[in-house]
Structure formats: structure tokens, C-alpha cells
Amino acid sequence: MAKAALKVLVRLLPPEITEDELVASVSELHLQHTTWRSFQAGKRYKGEAKPSINARCYFLFDSEENAEKFIKDYHGHQFVDGQGESFRAVACFAPYAKVPRQKASKDARDGTIFEDATYKEFVENLSAPKTFEAPPDPVATIQPATAKDTPLLNYMKTRAAERRARQEKRERERKRWHDRLGRIDEKPKWRCAECGTSKHLEEDPDQRGVCYCTYCWETWEAKEYKKKKKKSKAAAEECFVLVQSDIHRSEVNSYNYLIYDNSMICAITLCYSSVQAGCPAFGM
């Protein structure tokens with residue numbers, strides 16, 4: 001059996017009409033038989049580019065007879081808006097007869113807060129005297145117990161232990177292979193006579209069987225070079241004194257004398273006028 005038509009739609013209402021104005025235009029006799037109402041406001045657009053939207057309203061009656069009486073009385077009701085435009089309302093049964101459910105269900109926990117255990121505990125905590133408790137010091141929890149117990153030192157200790165373990169493992173492997181091949185670990189035969197190292201050795205050409213490392217060789221050569229330089233400088237100064245004494249003994253005053261000193265080739269040349277004389281100190 002089909003359900004009775006109880007939902008009525010009133011459409012083509014003025015766009016700017018309000019719900020109160022619409023309800024005022026309906027007779028009180030019809031409103032007494034309504035159980036639900038829904039008003040959808042319209043909208044008027046300026047200009048003719050876009051048509052205006054008419055307002056509409058839905059009514060739900062308690063019986064089909066009252067709905068038919070309302071349609072008969074209200075259909076064609078005329079409205080005139082503020083701009084002088086007239087509208088005629090159209091009342092008919094709504095194509096979709098269902099309405100939203102209205103359940104006024106009461107919460108079962110309403111008024112039971114005073115009996116709740118959590119609420120009672122909260123009230124007791126509010127009434128109890130408050131005592132301040134200082135929070136724990138975060139620095140004390142982070143700071144190590146001793147100065148040597150820091151993350152960086154622990155990391156370095158761990159790395160050193162891993163390094164020693166790898167070295168010991170390599171040593172064990174080397175010994176294992178030497179034992180298999182029947183080899184005996186011997187100390188290096190040659191060492192530097194100066195510092196005792198066994199790397200980068202060179203044999204002394206003057207003393208066979210005596211070796212020196214590269215660093216000791218370079219140090220010795222640098223010292224020898226400085227000694228030769230000092231000797232050449234001293235010989236040049238001595239030659240300069242001898243030549244100067246010979247010049248003073250000669251009674252020639254019309255010449256200009258010039259001394260050129262070159263300690264790298266250990267030679268001194270005495271130039272006077274267009275004559276060049278070698279230094280007797282070097283057999284020139």
C-alpha cells in the first residue's frame with residue numbers, strides 16, 4: 001500500500017521573500033496541521049545576464065485531506081515585491097515525499113557527572129592543598145658521572161679497541177702463514193747508523209756496510225754545505241786583505257781599484273784600469 005502524500009511544495013515565490021513573510025501569508029488554520037517546514041531562500045541577480053532564483057518552501061501536514069485543502073486554498077496566491085514585480089505561487093505535492101528524521105533522543109549519561117569516579121577524583125584534587133615539587137635537573141641526567149666518561153672519549157676508546165683487534169688478527173694470520181711455510185721472523189739486517197731506522201736506507205760509499213736513511217743523508221749534506229760556505233767566505237776575506245795591503249804598498253794613486261767577490265766559485269778578481277790580476281790566494 002502506497003504511503004499518503006503529506007509533503008507539499010510551494011514554489012515560484014519572490015526571490016527576496018523571507019520565511020516570516022511567507023508564514024504570515026498562510027492561514028493559521030493550515031499552519032496548525034503542519035508538523036515540519038523547510039524554507040529555501042531565493043536570490044535576485046542584477047541585470048538580465050543571469051536569471052533570478054525563486055524561493056520555495058516545503059510543508060508537511062498531518063493528513064492528506066489537510067494537505068489537499070492547503071493546496072486548493074493557497075495555489076495561485078499572488079505576491080508583489082519591492083520592485084513592483086508580481087509572482088503567483090504554485091502549490092503541489094512534492095515529488096520526493098520523504099523528510100529528515102527528527103529524533104529527540106536523550107543522552108543516558110545526562111546528569112550523572114556527580115556520580116562519576118573520575119569527576120570525584122578531580123574534585124578531591126582541587127580541594128587538596130598543593131605542594132610544589134621541583135622537576136629533575138636535565139643537566140644532571142645528561143652529564144656523565146666522571147670526566148672521562150663522555151661520548152667522544154667512549155667512541156675513541158671503541159675505535160682504538162677495534163684497531164688493536166684488527167692488528168692482532170693480522171699478526172695472527174701472518175704468524176700462521178709463516179709457521180706453514182717454515183719461516184722464522186728475523187730482525188732487519190741493515191739499520192741507519194744515525195737514527196736506527198730500517199727504511200729508506202743508502203749505503204755509505206766511503207764505509208762499506210754502513211747505511212744511513214734518506215733523512216740523515218739530507219741533514220748531513222746540509223751541514224756540509226754550510227761548512228763549505230763558511231770556509232769560502234773566510235778565504236775570500238783573507239784574499240781581500242792581502243790584495244788591499246799590496247795596493248797600499250804601491251804608490252800608484254791614479255788608478256781606481258774594484259774588488260769582485262764570488263764565494264760560490266771561490267775566486268776574487270782585482271780590476272784596475274784595463275788590467276785584470278788573479279788572486280794569488282787561489283793560484284790564479
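Points 7 angstrom from Cα along the Cβ direction at GLU68 and ASP110: gap in nanometres?
4.0
Sort 212-218, 149-155, 73-79, 10-16 by packing, meaning the average of other beta carbons within 10 Å per residue, with the highest value first.
Top to bottom by mean Cβ count within 10 Å: 10-16, 212-218, 73-79, 149-155.
For LYS227 and LYS189, what is the calculated FRET efficiency with R₀ set at 22 Å and r taken between the beta-carbons, to the nearest 0.05?
0.10
Compare the Cα positions of GLN83, LEU22, GLY47 along the charge dipole of segment 7-93 (+1 at Cβ of Lys, Arg; -1 at Cβ of Asp, Glu; about the Cα centre) and return the one farthest towards the positive end.
Most positive-ward Cα: GLY47.
So for each of 52-58, 40-46 I average, over its residues, the number of other beta carbons within 10 Å; can you give me the resulting order with the highest mean first?
The most tightly packed comes first, giving 52-58, 40-46.
Under a plain spin-label model, where a point goes 7 Å from the Cα along Cα-to-Cβ, how far apart in nm are LYS148 and ALA134?
Result: 3.2 nm between the two label points.
Any lysines with Cα under 27 Å of the LYS130 Cα? List them, leaving off those in the same chain fewer than 8 positions away.
Output for LYS130: LYS120.
Starting from the Cα of LYS231, draw a straight line to each of the lysines and keep only those under 25 Å, dropping any in the same chain fewer than 8 residues away.
Reachable lysines: LYS223.
Step through the table entries LYS3/LYS50; LYS3/LYS72; LYS189/LYS230; LYS72/LYS98, compare each Cα-Cα distance with 30 Å, and write down the pairs that go over it.
LYS3/LYS50; LYS189/LYS230
Can you compute the label reach from ASP81? Point 7 Å from Cα along the Cβ direction, backbone N cut-off under 16 Å, restricted to segment 10-40.
11-22, 40
If you stretched the chain out fully between GLU218 and ARG166, how much longer would it get, using 0.36 nm times the residue separation minus the C-alpha to C-alpha distance?
15.1 nm is the gain from fully extending GLU218 to ARG166.
Order the peptides 85-96, 61-72 from the highest to the lowest mean number of other Cβ atoms within 10 Å of their residues.
Packing proxy ranking, top to bottom: 61-72, 85-96.
The numbers here are math on the coordinates, done by the rules we state, and not lab data. Here the structure is a predicted model, which means the values were calculated and not measured. So basically every Cβ, Gly included, is an ideal-geometry build from the backbone, and we count neighbours across all protein chains shown.
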